[in-house]
1. Scan around F860 for amide H atoms under 5 Å from its own, H built in the peptide plane at 1.01 Å from N, and keep only partners 5 or more places away or cross-chain.
2. Ranked from highest to lowest mean number of other Cβ atoms within 10 Å per residue, what is the order of the peptides 526-538, 991-1003?
3. When the chain is fully extended, how far beyond the present Cα-Cα distance does S764 get from E1029, taking 0.36 nm per residue of separation?
4. In terms of the Cα gyration tensor, with a ≥ b ≥ c the square roots of its eigenvalues, is region 710-822 rounded because a/c is under 1.5, prolate because a/b exceeds b/c, or oblate?
5. At 0.36 nm per residue, minus the direct Cα-Cα distance, what do A715 and E917 gain on full extension? Give it in nm, one decimal, please.
6. Based on the Cβ-Cβ distance of A83 and A33, what FRET efficiency does E = 1/(1 + (r/R0)^6) give at R0 = 41 Å, to the nearest 0.05?
7. Which ³J(HN,Hα) values in Hz, rounded to whole numbers, follow from the phi angles of region 526-531 under the Karplus curve 6.51 cos²θ - 1.76 cosθ + 1.60, where θ = phi - 60° and Gly and Pro get x?
8. Just to make sure I understand: if all protein chains stay in place, what is the order of E427, E1190 by accessible area at 1.4 Å, largest first?
Amino acid sequence: MAQPPIAGAPPPIAGAPPGSCQIRCAGCHWMLAVAPGMAEFVCPKCQLPQMLPAGVGGARRAAPQAQGIDPTKIQIPCARCKAVLNVPHGLARFNCPQCGVDLAVDLNKLHQFFSSGPLPFPGMTPPESLEEVDEVAVDVEREEDERGPVAETFMDYRPSKLSLGEPHPDPIVETSSLSAVQPPEPSYDLQILKQIESSKRLSCLQIETLVYACQRHNHHLPNGSRAGFFIGDGAGVGKGRTIAGLIWENWQHGRHKAVWISVGSDLKFDARRDLDDVGATAVEVHALNKLPYSKLDSKAVGIKEGVIFLTYSSLIASSDKSRTRLQQLLQWCGSEYDCLLIFDECHKAKNLIPESGSQPTRTGEAVLEIQARLPEARVIYCSATGASEPRNMGYMVRLGLWGLGTCFPKFHDFLGVLDKGGVGALELVAMDMKARGMYVCRNLSYKGTDFEVIEAPLEDKMMSMYNKAAEFWTELRAELLCASAFYSEEKSTSGQLWRLYWASHQRFFQHMCMSAKVPAVVKLAKQALIENKCAVIGLQSTGEARTEEAVSKYGIELDDFVSGPKELLLKLVEENYPLPPEPESLSGDDSDKVSRKKRRNSSPNIQSRGRTRKATKWVPADIESDEEILTDSDLVSSDSDSEFQICDVCNAEEERNKLARCSSCGQLFHLSCVVPPLSDLPPVEWVCPPCKEKTDKYLLEKQSYVADLLNRYEAAKDRKLKILEIVRSLELPNNPLDDIIDQLGGPDNVAEITGRRGMLVRASVGRGVIYQQRSSKEVTMEMVNMHEKQQFLDGKKLVAVISEAGSAGVSLHADRRAINQKRRVHITLELPWSADRAIQQFGRTHRSNQACAPEYRLIFTNLGGERRFASTVAKRLETLGALTQGDRRAGLSLSEYNYDSKHGKKALMMMYKGILEQDPLPIVPPGCSSEKPASIQEFLAKAKAALVSVGLVRDTTTGNGKDIGKGRIADSDMHDVGRFLNRLLGLPIYFQNRLFEFFSGILDLLVSNARKEGHFDFGIVDIKASIIELRGQAKTVHVDQMTGASTVLFTFTIDRGIKWEFAKSLLEEKEKDEASTANNGFYESWREWMGRRHFVLALESSSEMFKIFRPAVGEALSREMPYSELKNKYRKVSSIEKAHAGWEEEYNISSGQCMHGPKCKLGAHCTVGKRVQELNVLGGLILPVWGTIEKALSKQARESYKRIRVVRVETTVDPKRVVGLLIPNAAVRTVLQDLSWVENIDE
């Protein structure tokens, strides 16, 4: 509630409306002037909604018109949250963007709603007549918002502003988006130009990289650091030789030092080869991992110049004496170091800015520190996958995209804009970097390369094995829940148990998925060999850890290959099954121990000096004291009375040597006072009868307690042993790597290029397998992968198995210099977790100088849960293509597997809430019918039980002492698609696929609605038209001070229409086809709009699907129309003359008028169905003016115009290609004004 004015309030606000009420905001305490009669308002400063108290402010009046009303749509209140929604005409089903509820529009009731009385919401604009809604205009508007797909992704590449050097030996391409961006003018003269041109050791594109990198290094960023350069060329283009050329160029300028950081120590030999290839034989290469931790330029080491080659692991390494390699490098370089600092395969430095809840990697921090400590270093970032997503660019501080002198003060500001801008914003980053001369990205042409995603269904045996394993994991979870509740006393221990459990759960089923694909992989590999090709099989995990554990337990001779899933389960249960502490059994000495303990804890004896009792000061044994402790000897007096003491039973005085002393309680007894009496003095360690009785009772109770603990421990131990026996009895698959090598002929026929040290092979004599080292007397472990690679290239082995750990930087392509030039069939048994790793693996078989391009085969099972792995990489490949290549469609075609998107997260939340019956179901579950509610209830019950079994639904019975009933899902899990797909793997196959189908169905619905509502992010969109012309001169609205690159506003005139003659020829050509049907032809709309009907040409493209061509806007590229929809909206025209007249009329009228007619509320700015229109595109540098554009677009009335839209335009007469931001005509004036454009805006 806002607070009324109080005494001593400040004077009235200047400029306040007459009669307004002066109010202090309840949130920020800012003074506000509230207009007379206004009851509800929002503070313009803190955005807090407030209401005036009763009696304050005079008569109430209605709230002002709501903001964000789109006059081209219908305003309808949400049935749940009452938010006023802008609903496109004709959209019958959608979700409220505020509360997420599924809404359906009944047109009859909607008409009654608007005509029954005054409008319930101020600012709501009802349609003049619902029957007058032009549904054709609605269709055209949707098509314009979606635009069309890109027909051509790559363009042949050749340097645009340099004509130096020979062409590259293989076809090189660049994405069409990047090719539309021109780099700055080259101004650097290479010292080694004549040498490399005469020797032809570098191609024209490699020379171009040298020029722009050296040119970039001559600039400094506003913070004083030297600017860096990013080489983003694809795998196999020749980045290594380019780096060698940069080292040799800097060497000519007296810069005789260089630091080269890469991923593997073996690549030092490649670095040496590349330097020799460019003629830099005088440059020494020193492997840092072979050198001591002392000063590199000391007399003992003696390295004064040359290349220090190290790995990212070495960069963070340290010695036993706490000396680090980083300190060693910094000392060798010195603070004034201005030579090259090369981050080869720089994707290893990602995760410097991790996801929330994670910590930065040490590698990322070290890369950042060495750049900060060497501000004058000439930094080179080099990787085909340098930024698989924007967050991973955090270490590229020398690019100058954020920080001092930019519009993004910190990296998080830069990251926030990219996240908000979606894929379109990512696509602009790559283009922006190229325009500033800090980035190149070329790729080997993929012409001739086949790419196929193969779904391998599970065999019956594997399906049975999988289902039993899923059931066992469910039972194991219940068992561990009970055991941890009874036996685990520490919550931290319990939390660690469940972290290990779910990690093992994920690895187990990932391993099962790999094993399920082994038959398909072996079949594809054998087929390749039959077709005179060779096979390369890619995976990530080798199962070495499980194999070594099994060998250490069972010995080097085994009956069969190790089952990775079984060993993983055994380890989980053996090491983590909760057991109570093992109790210690009682021995015969326990009675004495109890007596001694009792004596230590008993009260001090009261002794007598003469006939006067005096208590000594007693200090417990476990308390230290500086005071002197009196002992018996200290109390001995020369007085003879000190030899007498008092019996604690009869209180009679007696000589000390005639009294018995209890060693437990310390009391003194006459021999006759003891019951039964004693005849002689007992030994020193005597216990009186009362104490003995108590001790025996205590020991008896303790023995009973210990026996109970022991029984409990033994029962738990027996339960654990039974579980282990069940695990051992499970039939589970062998290690896929060993299985594949064995089925393809063993190590003699398969080259293994992995990181593991040993392997299991079939015994030459008898049955079973034997563990042996991969190295031999002839080949050391360090060189074993190089040896296996050469065996493959020489054709001695025609199958190669590679892992990430062993294949980094390895070339396995059909090199023209190699003996084995057979076509490679690259099969991915296990898709890498990230896109950058996937691209790196694909690049092993697709490189320069190859005799033939490879075939790629990505294998997935039909398990819904396995799509988790595909989803992860699909997401990264999509953003990777956008970020490092300027076009997300340049990535491999895995977009159909991308479920981890904003729409996927929303779909997951809606599915969870539907299953828990918190919200209505968005769709009917698979296998159910809306006419049979019982089937839906049965599905929900099973789905909930499934989610409980995999730990997603919690508190299903009780929680916090009260009955929960329906359960809950943690907030952190509500949008976590990855976790859902991970846990989904642990369900039986049938219901796993059924639940996944339910999830994907909801996702399809959300994507469809987003397309209809104009909220879907299409990335770069092609502007298609029959005529596209550049009008006038482009306007330069911003210039980058460092590079001279500019931001330019282009204005195009486009004509999207199709003339009658062309439309008629399309139909005639179609009718010549034998497969043509009678449904092809011209159609007119059933309903009239402003006295005329709309005409279209419909041509069948596939079964019951038609391509639509319109007189005003041409072909509808974004969608095809089902025949049922076509019949519902249009009727076929039998008369060709009538079609001709109608087509010509609509063609002519649309040249200057939109489909809404002359009374359109957007006026001249509306483009719906307008044939000839003006198009404004802001090209060149975009990031420096991003904030200005975003602000201008936020004010647009049409919803689809408010979001960032990246378009590609190519003129039709004099071909000129422009890629940039589409600026709506209504926003051009605002953009130019905010950019301080000095010329006449109306010019």
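1. Sorted by chain and number, the residues that satisfy this are I454, E455, A456.
2. On the way: 526-538: 18.8, 991-1003: 20.4.
In decreasing order of mean packing, 526-538, 991-1003 become 991-1003, 526-538.
3. Separation in residues times 0.36 nm, less the Cα-Cα distance, equals 87.8 nm.
4. Values: a/c = 2.91, a/b = 2.63, b/c = 1.11.
Prolate is the answer for region 710-822, as a/c is 1.5 or above and a/b outweighs b/c.
5. Details: separation 202, 0.36 × 202 = 72.72 nm, distance 4.11 nm.
Full extension of this stretch gives 68.6 nm more.
6. Values: r = 27 Å, r/R0 = 0.67.
The value I calculate is 0.90.
7. My calculation for region 526-531 gives 5, 5, 4, 5, 5, 7 Hz in order.
8. On the way: E427 0, E1190 55 Å².
The ordering from most to least exposed comes out as E1190, E427.
The values are calculated or read from the model by the stated rules, or taken from the named source; none is laboratory data. Only a predicted model underlies this, so the values are computations on that prediction, with no experimental measurement involved. So basically every Cβ, Gly included, is an ideal-geometry build from the backbone, and we count neighbours across all protein chains shown. Just the protein is used for accessible areas: all its heavy atoms, side chains included, with ligands, DNA and RNA removed. Shrake-Rupley method; radii C 1.70, N 1.55, O 1.52, S 1.80 Å.
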